[in-house]
Structure formats: C-alpha cells, structure tokens
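What follows is calculated from the coordinates using simple rules that are stated; it is not laboratory data. Predicted, not measured: the structure shown is a model, and the values here were computed from it. Glycine gets a Cβ as well: all are built from the backbone with ideal geometry, and neighbour counts include every protein chain shown.
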Amino acid sequence: MLGQAHPEVQLGLRLRRADIMMMLGRLKEACEELEEVAKAAPGLERPDIECEASLLLGDIDQRQGRAADAHRRLAEAESLAAGSGNAYLRSKVAFVLAALVADFDAEHDRAITSLRAGIATAEEIDDKPLVAEGHLRLAAILYNRGDLAGAETELRRCLELARDLGSHRVEAEATSWLGIITYYRGNRDEGERLCREARQWFERTGDTYFQVQNLVRGLAVFALDDDRPDEAETWLREAVPVALQIGGWVVVDVYRYLVEALVAQERLDDARELVAFAARNLPEEDAYARSSLP
C-alpha cells in the first residue's frame, strides 16, 4: 500500500513511522528510516519534510550522546524551519535544541529562553499538544537545574492540557516526572504512587522510551533509597532490553543503578561484569554518561 502512494505521502508516512519507532525505543531503525527521508525530501522540494527528518535525527543523536552530530542536524533543521515559515516546525526545533544545549553545553538559561519562545509560538497557532510538550520539556530542564517548585508548576500545567486533550501518553510522561519531583520534595509515598501509576499508563501507550526513565530514575532509585535492592534490581532488569536499544546515557544509567543494587546484595562479581559491559561503546562526547559510569 505504501509503495502505491504519492512520493510526498510516502515520505510523510515514513516520518510518522519513524516517530513511532522512537517512542518504542527502536532508535536504530528510526534513524535508518529518517536518513532515507532526509535524502529524498530535497528532490521533491519539501523543505518541511527535510526539516522534520533532520529534527528527529538530531533528537536521536542527542539521546545517544553524539553532541556534534546533534548540533549539525539541528542547525540544518533550524535553518529549514526558518525558511519554510512553518511555526510548528520552528517551535519543535526550539524544543529539541533546548534539550541539547542544556544537556551538553550546560546553557540552562539559553535552553529555558528557547523553550519559552517555542511555547509562545505553539500558543499563537493554538497547537495544544505542542504547548503541552513544551511545558513537559521545560519541567525537565528546571528539574535538572534544581528548581523543583518551578518544574512542578510546569508539570501541573502540562497535566491540565493532557487531560483536556485526552492524551494518555503525555499524561503518563508528566505523571512520571511529577512523581520524581514529589518524591524529592519530601512526599516519598505519593511520589512512588505517581510513578507506579505512570508505569501502568506507559504499558497501555507503548511509550517505552519514557517507561525506561520512569523505571530507572523513579521506581528503582526509590527502592534503592529505601533499602530494597532486590526490588530495584527487578525494575532495572525490566528496563534493560529497551535501554540497550536506546543506548547513550540511558543504558549507562540502567547499569549504574543495577551495579548499586548488586553491590547492596553483596553480589560483587556480577557487579564487576556489568561495569565492564557498560563501558563498551560509550560515546566520547557524552560527559554525563562517562561521569555516571560505575
């Protein structure tokens, strides 16, 4: 059926398919699909499709720790978005670029400014799903900066929008982050309850990328903090298969906490084997991943 469609329709369908693959954590397959779309789009004079492909490729590079490639891809996407006059694409590029400069360049003020501008653009075109995404991304950066109260405000706004839209996927992502923040703001039981609730939603939506973060930075860390290393190991083992597909800092985080869980259970030989495995193929540019290596 795909082969019979118009070439532009084919590229659009392939973009959507790649986006779904990213949600499922199948980044290698998504990357291969997007590379082909990016090559074909200029021949059809579709800068919007080329922009979105470059944007998603830059997002994958960022997730897997390839900062230089991500900067190059997102610079291409930024230029194409500006030239196209497409407000949606300008907003999306601003969101992904903000994550990149915050994570790899530690330019949090620039990232926050970029996100707020992207949210304003999304509000101007009345794209509520995009506005919700912006608040979610802004919450993540505020959390990493240590502004837990500010992050919670953004997440509650995101949840309001997600519920109005009926978006269980965004609601799950925001609930997961809110659980982590609630935990660190002192309400540990409620924080864990929210992350368990988010896990149930992730199982329904199939969003494995965020499910891994919920399992690792939420439920597994909570179990370790509460001296439940065997339970933490269970959560982390569940996260391993998808984390290996994603790569980058995600897989390092899984093994970092899994080593902690094994050491707490006095399984030192198993822990040493995991450290050696986690060190393989670690991106040189990913300072966070390298610093997190056990």
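With a Förster radius of 30 Å applied to the C-beta separation of VAL240 and ARG204, the computed FRET efficiency comes to 0.90. Where the convex hull is taken over the Cα atoms of the chain, what is its projected area averaged over directions, in nm²? Mean projected area for the chain: 15.4 nm², to one decimal. Projecting the alpha carbon convex hull of region 73-181 along each direction and taking the average yields 6.5 nm². Pairs of C-alpha atoms in region 40-87 farther apart than 13 Å represent 52 percent of all such pairs. Partner lysines whose Cα lies under 18 Å from the Cα of LYS28, excluding those fewer than 8 positions away in the same chain, are identified as LYS39. The C-alpha atoms of the chain define a longest principal axis, and helix 47-63 lies at about 10 degrees to it.
With coordinates expressed along the principal axes, the C-alpha atoms belonging to region 78-122 extend over 29, 19, 10 Å, beginning with the largest. Using only Cα atoms, find the angle between the long axis of helix 27-40 and the longest principal axis of the chain, and express it within 0 to 90 degrees, rounded to the nearest 10. So the inclination is approximately 10 degrees. Per residue of the chain, the DSSP helices (runs of n ≥ 4 H) give a summed -39500 (n - 2.57) that works out to -26000 deg cm²/dmol at 222 nm. Within region 170-204, none of the GluC sites (Glu not before Pro) combine a DSSP coil assignment with at most 14 other C-beta atoms in a 10 angstrom radius. Expressed in units of 2.2 N^0.38 Å, where N is the residue count, the Cα radius of gyration of region 109-154 is 1.10. What's the angle, to the nearest 10 degrees (0 to 90), between helix 7-23's Cα axis and the longest principal axis of the chain? Taking Cα atoms only, the helix is inclined about 10 degrees. The value given for region 1-160 is a Kirkwood hydrodynamic radius of 16.1 Å, derived from the mean inverse Cα-Cα separation.
For region 122-257, the mean projected area of the C-alpha convex hull, equal to one quarter of the hull surface, is 8.2 nm².
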